[in-house]
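Readers should treat all values here as calculations from the given coordinates under stated rules, not as data from a laboratory. It should be emphasised that the depicted structure is a prediction, and the values quoted were computed from it without experimental measurement. Methodologically, a virtual Cβ is constructed for each residue, glycine included, from the backbone with ideal geometry; neighbour enumeration extends over all protein chains shown.
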Ligand code: NOJ
């Protein structure tokens with residue numbers, strides 16, 4: 001008996017071990033499953049309601065960035081697996097609360113939290129258009145990195161950025177959100193920003209998913225009116241508007257957002273050509289597409305679908321995976337299936353794309369990995385972020401004018417009058433897409449007044465007067481401002497737009513400096529004191545009086561939380577401004593759209609007297625007020641010695657271009673050297689010049705450096721009539737410029753067969 005029971009015990013023990021090994025094996029196998037296998041395993045268990053739930057994104061009740069639909073059963077829907085993602089839900093406390101509810105659902109599929117982290121999170125960076133003027137790709141990548149570090153620590157998985165829409169109409173309020181008018185610069189910036197947001201690896205705790213938006217051509221809204229239609233040739237679409245999206249994809253952008261506009265009559269949200277054929281087809285995009293806010297339902301207003309049922313059909317067929325806020329998917333996909341209008345494979349594909357990202361983010365392993373309150377506290381109080389924002393802000397300031405080297409100001413001035421409605425403003429510096437971070441007030445934003453105070457020594461007295469408001473015609477503050485100016489050696493005047501005057505739904509037909517601000521400048525100039533003007537804005541404004549009369553102008557845009565310190569750094573020469581405009585500045589609204597890479601036409605105008613020629617209005621110069629690529633420095637640069645290592649190249653070859661840039665002024669500084677090409681004779685007319693490369697170099701005063709560029713087939717290629725990207729043999733003009741207008745050196749070469 002004894003030996004029998006021993007045998008039985010041994011057998012049980014062995015079976016136990018075996019089971020343990022089997023289970024370890026199973027676990028190991030589970031761990032070794034590819035993400036696709038894991039996605040399929042989850043998908044198999046999902047009911048139709050749960051599948052549709054993954055395609056459904058709601059706004060949290062905290063704040064809104066679009067017209068809200070209130071939903072008292074939100075929590076219950078999350079618990080029932082009917083919501084895949086929330087937007088405008090920020091902070092570890094709030095995201096944890098929602099994720100805990102999601103964990104009560106049958107399959108415990110984690111929620112994704114999305115947010116417009118467009119130019120910083122708690123630490124606000126300059127608006128994207130301002131940053132674009134730095135042409136500093138590592139700096140922009142690092143700005144996006146900081147935003148991701150803060151946002152991810154605050155519960156956010158996914159930013160609705162970067163906006164990569166090319167924009168050539170400054171009436172459109174959303175020009176502030178992109179990288180300006182040029183597809184080459186725009187593509188480089190799109191790439192850098194995606195890398196910055198997503199970091200080394202999706203799945204790292206400090207990486208947020210990027211979202212390239214708005215796909216596509218939203219920036220070309222007719223008349224610059226937000227949400228308006230876009231009518232565009234395929235050639236223009238491929239050549240100008242799509243490249244930054246392709247660059248974002250190449251950088252690994254996890255998601256795309258479609259757009260509000262119709263493109264040639266078909267709303268982008270229901271546009272099969274854009275989403276299925278180009279993005280998911282030709283480009284092989286493996287992430288998912290989210291609609292813009294309510295844009296699925298808005299197709300009814302566009303008028304190409306009758307009702308929400310048809311809207312859902314159109315969007316899902318066209319390749320929109322997630323429905324932001326319209327509820328069309330939630331309310332109609334089941335019926336569409338029952339009616340055999342769609343196949344379940346269409347829904348499965350969208351669900352799989354979304355689940356895949358949730359797996360890649362590591363949320364199935366740990367749904368709370370972004371909800372650590374201590375980490376949030378540390379990230380939001382990290383002083384290196386502030387230093388980063390200050391440097392980025394200084395790099396974004398464009399010196400438009402500096403007569404008689406008025407700037408930089410001496411640190412030994414006795415009295416400075418700081419005047420204007422934006423001098424002491426705090427929140428205005430944050431720009432349009434700042435995020436309301438729970439529990440964080442505005443006290444950390446460095447106003448321009450504070451920045452100046454931080455900079456000047458005890459021997460300098462700062463005088464202040466507001467002078468006038470941003471808007472309105474009240475001049476009652478002028479006298480006080482004039483009195484202050486009269487006492488000072490130098491006047492600094494801070495004027496411009498309010499931060500809610502450029503941004504979404506902020507198109508303006510009059511883009512002058514609002515109110516009586518330019519009249520205030522006129523009054524101050526009449527004192528005979530030198531006046532430095534700071535222009536705060538979210539778009540290129542029209543300000544001819546200021547441009548023609550003020551001796552010094554800094555275009556400061558909206559610079560974010562460190563605005564004051566950065567402006568002071570530039571005013572007093574602790575940073576030598578180097579930024580160059582990423583968008584042409586028009587002389588009048590009537591000159592819009594104006595961009596440097598226009599065609600020559602049959603009657604190219606070469607000067608303002610060419611009246612029977614193109615580009616010329618009878619009442620206006622042919623030139624913009626400030627050209628693309630323009631911006632001054634406190635020092636001066638000379639360009640010389642352009643050499644090409646050969647004058648003929650085959651498509652498989654490369655031409656090496658070299659030149660020398662010398663800093664001939666008194667200050668150390670950076671110069672942005674721009675390389676433009678012009679394809680002289682093509683099967684299609686080609687732009688007069690196109691940016692194809694640039695270099696930003698630092699030169700000590702008196703220093704010179706050799707700069708090299710390489711021309712390859714890609715830089716010579718364009719979309720021909722058949723929309724094939726080709727480089728056609730022939731002559732190319734090569735221009736090296738300090739701006740698109742200020743061409744310093746020229747040569748030419750030939751592409752041969
Ligand atoms: C609408 C905007 O067009 C889009 O850019 C933004 O991401 C969403 N609202 C969410 O706020």
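Here are the numbers for the structure shown:
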{"quantity": "Whole-number percent relative contact order across the chain, with pairs defined as alpha carbons under 8 Å at least 6 apart", "calculated": "12 percent"}
{"quantity": "Theoretical FRET efficiency, 1/(1+(r/R0)^6), r = Cβ-Cβ of residue 317 and residue 62, R0 30 Å, to 0.05", "calculated": "0.35"}
{"quantity": "Three-way shape call for the range 46-375 based on the alpha-carbon gyration tensor, with the a/c threshold at 1.5", "calculated": "oblate"}
{"quantity": "Taking the range 637-752 and dividing mean pair separation by its residue count, relative contact order in percent (alpha carbons under 8 Å, at least six apart)", "calculated": "31 percent"}
{"quantity": "Mean Cβ neighbour count within 10 Å, used as a protection proxy, ranking 377-387, 243-253 highest first", "calculated": "243-253, 377-387"}
{"quantity": "For the chain, calculated [θ]222 nm from helices alone, where every DSSP H run of n ≥ 4 adds -39500 (n - 2.57)", "calculated": "-9000 deg cm²/dmol"}
{"quantity": "Separation between Cα centres of the range 336-381 and the range 431-451, rounded to whole Å", "calculated": "31 Å"}
{"quantity": "Percent of C-alpha pairs per 10 Å bin, the range 186-253, short to long", "calculated": "22, 40, 26, 11, 1"}
{"quantity": "Relative packing of peptides 411-420, 333-342 - highest average C-beta neighbours within 10 Å first", "calculated": "411-420, 333-342"}
{"quantity": "Extension reserve of the residue 710-residue 200 stretch, reckoned as 0.36 nm per residue once the Cα distance is removed", "calculated": "180.8 nm"}
{"quantity": "Shape of the chain, Cα gyration tensor, a/c cut at 1.5", "calculated": "prolate"}
{"quantity": "0 to 90° range, to nearest 10: angle between helix 137-153 axis and the chain longest Cα axis", "calculated": "40 degrees"}
{"quantity": "Least to most buried among 177, 239, 471 (fewest other Cβ within 10 Å first)", "calculated": "471, 239, 177"}
{"quantity": "Nearest 10 degrees, 0 to 90: helix 328-338 Cα axis against the chain principal axis", "calculated": "40 degrees"}
{"quantity": "Computed FRET value (nearest 0.05) for residue 387 with residue 412, which takes r as the C-beta separation and R₀ as 25 Å", "calculated": "0.40"}
{"quantity": "Percent of beta bridges antiparallel (DSSP, the range 637-752, rounded to nearest 5)", "calculated": "95 percent"}
{"quantity": "Degrees between helix 478-487 axis and first principal axis of the chain (Cα, 0 to 90, nearest 10)", "calculated": "70 degrees"}
{"quantity": "Percent breakdown of C-alpha pair distances by 5 Å bin, ordered from the shortest bin, for the range 392-591", "calculated": "1, 8, 17, 21, 22, 17, 9, 4, 1, 0"}
{"quantity": "Separation between Cα centres of the range 579-601 and the range 604-637, rounded to whole Å", "calculated": "9 Å"}
